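Okay, so here's the structure we're looking at.
The values are calculated or read from the model by the stated rules, or taken from the named source; none is laboratory data. Keep in mind that what you see is a predicted model, and the values were worked out from it rather than measured. Every residue, glycine among them, receives a Cβ derived from its backbone with ideal geometry; neighbour counts consider all protein chains shown.
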Amino acid sequence: MFVTAAYAQSTPTEGAESHGAAPAEVHTETGVAHEGGHGSGVFPPFDQSTFASQLLWLAITFGLFYILMSKVVLPRIGSILESRQDTIARDLDDASRAKSEADAAVAAYEQELAAARAKANQIANEAREAAKAKAAAERTAIETELNGKIAAAEARIAEIKSRALADVGAIAEETASAVVEQLIGARVPETEIAAAVKASAN
Amino acid sequence: MVNTIVPIHVGGLDLSFTNASLFMVATLALAVGFLVLTTASRAVVPGRLQSVSELSYEFIASMLREGAGSHGMKFFPMVFSLFMFILTANLLGMVPYFFTVTSQIIVTFALALFVIGTVLVYGFYKHGLHFLNVFVPSGVPGVLLPLVIAIEVISFLSRPISLSVRLFANMLAGHITLKVFAGFVATLSTLGALGIGGAILPLIMTVALTGLEFLVAFLQAYVFAVLTCMYLNDAVHPGGH
């Protein structure tokens, strides 16, 4: 209605075109209204004369935009994001593998350390046992030697004692004969004295 | 307003290359140029501009995945194109003397019809008549069903209108408001010293509105994309609400 009213005001301007006269008229009318600068024209966004052109160019530009987006830009950004994802995943994999390798190395080190420690203990124990055995052997050797010496010494003491005891007998006989001679003034045969001493010694 | 640059008339239809067409081409060139050039190096560690492209990609991808599920991802190029095209057109319109493509109702309406058309075509192609379940919410008592179906049909039919008018009206109203306040500044400053002093207030308003308009430019592109995702969800999962 808006358009028809405007159209009615400006009918005389152009009517030459045989087909599609109305759009041509409307176009002329709005052109005049805009130039005139007052409110009789159609509000520009509702100006139907521009619709066909706008639709056509919108279809062309938006269609082209859609094709470029779906064929070029979006696959490209998608591949960038995907490759970044892959890179990050790969780096994380590498990192976790390196970590597990490091862990394995640490475990191996710990194991070797424990083995070395055990071996050291064993060596120390062996050395201690050997030293102990050697000391014991030496001690027994020394003890036997000392025992031998003691035995020899005891033998010698016994010998000396027996010899001394023998001497004691001789001295006793001498003393006894001297005592008897003093007492009785006569010599007693030696065999009798010896017998008497022996009897008293026992 | 639309001015003809290269007149093209085909069978009585005016298909001229206008300033609207010029800025559609500019939008196309700017958005494609940015996205292609910033991702040209395909760096594993992105630069700032490449980050912007990747962020917009992931932004729309997550929006669509949340809105329409993983089955909806086949519409990703469509939603991404709509978002980037509208966003670039809105932002281009913020430059003084530049034409705002999205302040034309026919453009936003065409984009909205494209969305709803896709929903209808895909919905009927994929689900056949089951697509009509979209008008029958589950768990509604039988008595209320005719009423609810009528409401659902009306709401479905009003979608292209609300989708297109929202974007168009936001862009147009913002620009008109800006123009009015900027006009105040120009008019007042011709009235001598007092006028220049009085022009400060509308000038502040103009600056504030410009900031607001940048927000609106992004927000409307976002809203358009979010609603597109929701409508596509109906096409992918009819009766799923």
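Structural remarks
- Residue match in the stretch A:19-27 (condition: among the hydrophobic types (A, V, I, L, M, F, W, C), modelled with pLDDT under 90 and out of contact with any helix residue (DSSP H, G or I) (no Cβ under 9 Å at 6 or more places or on another chain)): yes
For every residue, the table says whether it meets (1) of a type outside the set (A, V, I, L, M, F, W, C); (2) touching a residue at least 40 places away in the same chain (Cβ under 8 Å).
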position	(1), (2)
B:Thr39	yes, no
B:Ala43	no, no
B:Arg48	yes, no
B:Arg65	yes, no
B:Met94	no, yes
B:Val101	no, yes
B:Ile105	no, yes
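- Qualifying residue in the stretch A:46-56 (condition: within 14 Å of chain B (Cβ to nearest Cβ) and loosely packed, with under 13 Cβ neighbours inside 10 Å): no
- So B:Val134, is it touching a residue at least 24 places away in the same chain (Cβ under 8 Å), touching a Lys or Arg at 6+ places or on another chain (Cβ under 9 Å) and of a type in the set (A, V, I, L, M, F, W, C): no
- Which listed residue, of A:Glu82, A:Glu101, is more than 14 Å from every other protein chain (Cβ to nearest Cβ), of a type outside the set (Lys, Arg), without any contact (Cβ under 8 Å) to a residue 40 or more places away in the chain and part of a helix (DSSP H, G or I): A:Glu101
- Count of residues meeting criterion [loosely packed, with under 10 Cβ neighbours inside 10 Å and not aliphatic (A, V, I, L, M)] in the stretch A:145-194: 4
- Hey, B:Phe168 modelled with pLDDT of 90 or more, surrounded by 16 or more Cβ atoms within 10 Å (Cβ to Cβ) and more than 19 Å from B:Phe131 (Cα to Cα) or not: yes
- Count - residues of the stretch B:221-240 that are free of Cβ contacts under 8 Å to residues at least 60 places away in the same chain and assigned to a helix (DSSP H, G or I): 1
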